[in-house]
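Below is one structure, written out as structure tokens; the observations come after it.
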Amino acid sequence: MVGQQIAMPPREALGWFTRPGDCDAVAEWVRSASSRRVGIALDMLCYGGLVASRAAAVELAAALERLNALRELRSRRGDAVIFAFSTITRLGKTVACASDLQEHLLLRSYCQLLDRVERLGEQEARIELERTQRRLDPERLSDYMAVRRRNHAVNRASLQLVAERVIDYLVLAQEDAAPVGIHIPEQIALRDQIDEYRIADRATITCGADEMTMMLTARHMADEVGMAPGIAADFSAQRGADVVPAFESEPLRETVRSHIEIVGGRPALPADCDAILFVHAPIGTQPDISEAPPPGQAPSLAMQAESVVDRVEAAAAAGRLFGLADVAYCNGADPELIAALERRNALSQLGAFAGWNTAANTLGTVVSQLCMMASHTTSLHQESVRRFLAARLMDDYGYQSCVRRAALSYAEQIGADPFCLGEASRDLESFVSTELEPLAYRYVSQLLAACGGSPSARITLPWGRLFEIEIGSPSPLEAPKNLQ
């Protein structure tokens, strides 16, 4: 978007779903980095990736040794600016097949019950805790707790690297969690360490995970030009700002504030800001997109969506830079909001948009876009900006809110496991591409028309499951025959 080149390790070194990346190759890449600005996902360096960080394969000593690659880089390149992030382990496990789901849910419940009994003293929860523990395999539970202890030790060691000024800025991102759970004592211990080391200006803890490389890239770009863009948060409803979203441990307004600061921005008022972040917040608890009724059958959300579009149109008319974070649901964009934007021809007015997975994932995506656009107003590559916006609409709404339901139904019809498609992967990929094609053509063509770009997209299921798609860009899209 801003004309910068990003150097990355070879993709084959980064693993594939449950197959870990090549930690030695990544460590060597880190040691030999020639860029002045470096961003490191510590889970990849230490374990072979985020999914690999949830497995017990890597011993603590080996993970700690891999952190030394950063010390070597710092020793060789004293002028390098090094930003990094690590995750605080999620509640539950990786769901790699349908049979994993029950164990994942039991682990989530166990971790929350254990915290309620041990930290909060809710003795009435002890019976349920013991019942849940009896349903878990003792060896698997022991492995899970050992992984948490190992990862916590690595996170403490990463804070030591900040204290040593090896890492210039560190984010500890809390992956899928809840307001209570055994991650809370871990967070408390890490915050105490941050205070002890007096590094609160260079290390932070927040909700999220998947969006962090994007956010650190945006922070690098803002830091490069010495700007801290002022970003004003405009919530669709103040009560929505106080909701703790699904899979997160803090109110929405706190995640908004922390994410603005992580990208290198500063929270600001609408009258004195460089960009506005419109937040389409949940009404009450945040449901999954699978629970969303068809457009027109959720009156309260429809009214809120219309109000959000009113504000979008006003900001566009005033020539303001703004983005829209759709967190009304988790795991997909709100159909009511997209319908209102399309009906009022407001989609093309958006500067940035996201509405995928968790609230933190969505917020980080939008504030990253806004930060880059606000700090590089004279060097923006408009086709890249619009293409990314089109990809978000295709993925977050087109796939997650519309096509994924149909794909899950089709997988059930042919007897395929949606978490592990196996031999059905190619069949489902073809199904998804065909179903998504009309939406893809509509969004890509509409958003790229203004800057003369050619519509193109290639849809794949990168991990052989139906939870996510990947949008590539080889062949131009032809208008599908069933396009209305």
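Values for this structure:
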{"quantity": "Residues of the stretch 326-342 satisfying the condition of being in a loop (DSSP other than H, G, I, E, B) and either more than 20 Å from V385 (Cβ to Cβ) or in the same structural domain as A178 (by TED's automatic domain parsing) (or both)", "calculated": "V327, A328, Y329, N331, G332, D334"}
{"quantity": "Any hit, the stretch 17-38, residues being over 30 Å from E164 (Cβ atoms) and over 18 Å from the mean Cα position of the chain (by Cα)", "calculated": "yes"}
{"quantity": "Cross-chain or 6+ apart pairs with Cβ under 8 Å, the stretch 226-252 first and free of Cβ contacts under 8 Å to residues at least 40 places away in the same chain, then not in a loop (DSSP other than H, G, I, E, B)", "calculated": "A228/A222; A228/R266; D242/L252; D242/R253; P251/A241"}
{"quantity": "Within the stretch 343-426, helices (runs of 4 or more DSSP H) holding 1 or more residues that are more than 29 Å from T285 (Cα to Cα), at pLDDT 95 or above and among the small types (G, A, S)", "calculated": "359-375, 404-413"}
{"quantity": "Helices (runs of 4 or more DSSP H) enclosed by the stretch 50-135 - at least 2 residues per element that are closer than 30 Å to D201 by Cβ and under 25 Å from the mean Cα position of the chain (by Cα)", "calculated": "60-76"}
{"quantity": "Complete set of residues in the stretch 119-143 that are surrounded by 12 or more Cβ atoms within 10 Å (Cβ to Cβ) and in contact (Cβ under 8 Å) with a residue 60 or more places away in the chain", "calculated": "R119, D143"}
{"quantity": "Qualifying residue in the stretch 306-320 (condition: modelled with pLDDT of 95 or more and buried (at least 24 other Cβ atoms within 10 Å of the Cβ))", "calculated": "yes"}
{"quantity": "Residue check, N345 out of contact with any Phe, Trp or Tyr (no Cβ under 7 Å at 6 or more places or on another chain) and either of a type in the set (D, E, K, R) or surrounded by 23 or more Cβ atoms within 10 Å (Cβ to Cβ) (or both)", "calculated": "no"}
{"quantity": "Count - residues of the stretch 152-169 that are under 15 Å from A200 (Cβ atoms) and either aromatic (F, W, Y) or touching a Lys or Arg at 6+ places or on another chain (Cβ under 7 Å) (or both)", "calculated": "3"}
{"quantity": "Filter pass, D43 being assigned to a helix (DSSP H, G or I) and surrounded by 15 or more Cβ atoms within 10 Å (Cβ to Cβ)", "calculated": "yes"}
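The rows are residues; the columns are (1) closer than 30 Å to T217 by Cα; (2) touching a strand residue (DSSP E or B) at 6+ places or on another chain (Cβ under 8 Å); (3) buried (at least 18 other Cβ atoms within 10 Å of the Cβ).
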{"residue": "G355", "(1), (2), (3)": "yes, yes, yes"}
{"residue": "A360", "(1), (2), (3)": "yes, yes, yes"}
{"residue": "C371", "(1), (2), (3)": "yes, yes, yes"}
{"residue": "T377", "(1), (2), (3)": "yes, no, no"}
{"residue": "Y397", "(1), (2), (3)": "yes, no, yes"}
{"residue": "V403", "(1), (2), (3)": "no, no, yes"}
{"residue": "G422", "(1), (2), (3)": "no, no, no"}
{"residue": "S430", "(1), (2), (3)": "no, no, no"}
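The values are calculated or read from the model by the stated rules, or taken from the named source; none is laboratory data. Predicted, not measured: the structure shown is a model, and the values here were computed from it. Here Cβ is always computed from backbone atoms with ideal geometry, including for glycine, and neighbour counts include all displayed protein chains.
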